[in-house]
Amino acid sequence: MKQTKIVYQYIIIVSIIFTSIISFNCKKNPLTPSPSGPDTTSHNFNWQSFSFGGAASSDFQDIAIINDSLAIAGGEIFMYDSTGAVDPHSHCIAIWDGLKWEPKKLYDSNNNLIPIITGIFVIDKLNIWLTDGGVYRWDGHSRQVSATYDRISLIGGENNGQSVNKLWGTSSTDLYGVGNKGMITHFDGTTWQKIPSGIDFDFSDIYGALDPNTGKQQILAVAYQNYPPQRAIFIIQGNTSTQISSYPIQQINEFFSLWFIPNQHYYVVGDGIYEKKSLSDSLWKDNLFNITGKVTTKIRGNGLNDVFVVGSFGDCLHWNGGSWKSYIDQTGLADGSFGSVAIKENLVIAVGGNNNQGVITMGRR
């Protein structure tokens, strides 16, 4: 009997100790965590800039990051030749190999120089799509590209001014181009088909992302002209396009770029940064007017907590999920602007022009 009592007392003591440990741990690491701030990424980037050209007005107009040691910038870069004379033939791309940037010239299948690249879309490092008004497929290393569309064959001539300036797609058999005079076109791997837009002013950007609710790609494009003022946002579905509300931001001077995650957050940038949680929301909200006084020209992101916006005078802004940060003290351009930005994991690259030179600014986190 005495032994049973001792065992019983021992069990009670162990239970009290165990309950105390569990209680302490639950207070320290509760099973239901208390509300905390949003998921954030680091603002800590180290910046490095490169300049090219200067023999005549030069700038970069688009950038694509393939991986940490391979990126391609497109533009129009006029350089001096080995004798110090002006080379009248421009370089249209620059390639990052992980150590340095190398400007290159490209030629079409008839050996004609391609003077400028305005848009880049990368499927993989051997399957790269470029545009200068027409669209080219490039293997990433040859001096020649293959034309898949020239503006004459698709739209019946150049007199109406239509051309492709920007590209987006999911594969070599699902590629979209937008550009001047309301141009929207789709490539199915064999043929290009025009998609009516109903406008005659210029598209400046196109972007798409997978909508988990539908399992399909949601594709948006923005267009604008200054005189007379015209602004438009389009949703593109298959071979149709539909203009959606841009109220009340129709009155901003420029409508340059957009980026989004479907049904979570949408951004449009131009003379400001505008946002919506859903396309069904009645208004685009200008909640970010005090972040920058500069014109914003391009927006891209890794996720809702890792978004970059670039603009005039080299302004470069980062949203980390909890706050905005400007890097203009490190990235500023005295007499120029960034025209495009790309981000992939911990590498961000902004491109543009400054003092007749093409500028590439890289940030590493």
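Given just the C-alpha atoms of segment 46-364, how large is their convex hull per residue in cubic angstrom?
Dividing the Cα hull volume of segment 46-364 by its residues yields 138 Å³.
Could you please rank 143, 137, placing first whichever residue has the fewest other Cβ atoms within 10 Å of its Cβ?
Fewest to most other Cβ atoms nearby, the residues stand as 143, 137.
Tell me, what HN-Hα J-couplings in whole Hz come from the Karplus equation 6.51 cos²θ - 1.76 cosθ + 1.60 at θ = phi - 60° for each residue of segment 224-232, using x for Gly and Pro?
Per-residue couplings from phi come out as 7, 8, 8, 10, x, x, 9, 9, 7 Hz.
Provide 324, 284 in ascending order of the number of other Cβ atoms located within 10 Å of each residue's Cβ, fewest first.
Fewest-to-most Cβ neighbours within 10 Å comes out as 324, 284.
What is the spin-label model distance, in nm, from residue 278 to residue 46 if the labels are put 7 Å beyond Cα along the C-beta direction?
4.5
Near the amide H of residue 87, under 5 Å away, which other amide H atoms are found, from residues 5 or more places off or on another chain, if H is placed in the peptide plane?
Amide H neighbours of residue 87: 79, 80, 81.
Here are some pairs, 104/194; 298/344; 276/325; which of them have Cα atoms lying more than 25 Å apart in this structure?
In this structure, 104/194 exceed 25 Å between Cα atoms.
For residue 279, what residues show an amide H to amide H distance below 5 Å, using hydrogens built from the backbone and excluding near sequence neighbours?
Result for residue 279 returns 263.
Neighbour counts of other C-beta atoms within 10 Å: give me 50, 203 arranged from fewest to most.
In order of increasing Cβ crowding within 10 Å: 50, 203.
Whole-Hz Karplus ³J(HN,Hα) for segment 205-217, in order, using 6.51 cos²θ - 1.76 cosθ + 1.60 and θ = phi - 60°, x for Gly and Pro?
6, 9, 8, x, 7, 6, 8, x, 6, 10, x, 10, 6
About the Cα centre of segment 259-365, what is the dipole size in debye to 20, counting +1 per Lys and Arg Cβ and -1 per Asp and Glu Cβ, all else neutral?
The calculation lands at about 260 debye.
Quick one: 3J(HN,Hα) in Hz for segment 256-264, Karplus 6.51/-1.76/1.60 with θ = phi - 60°, rounded, Gly and Pro as x.
8, 7, 8, 7, 6, 10, x, 6, 10
Here, each number is a calculation from the coordinates, and none is a lab measurement. Computed from a predicted structure; not experimentally measured. Quick reminder, even Gly has a Cβ in these numbers, built from the backbone with ideal geometry, and neighbours come from all protein chains shown.
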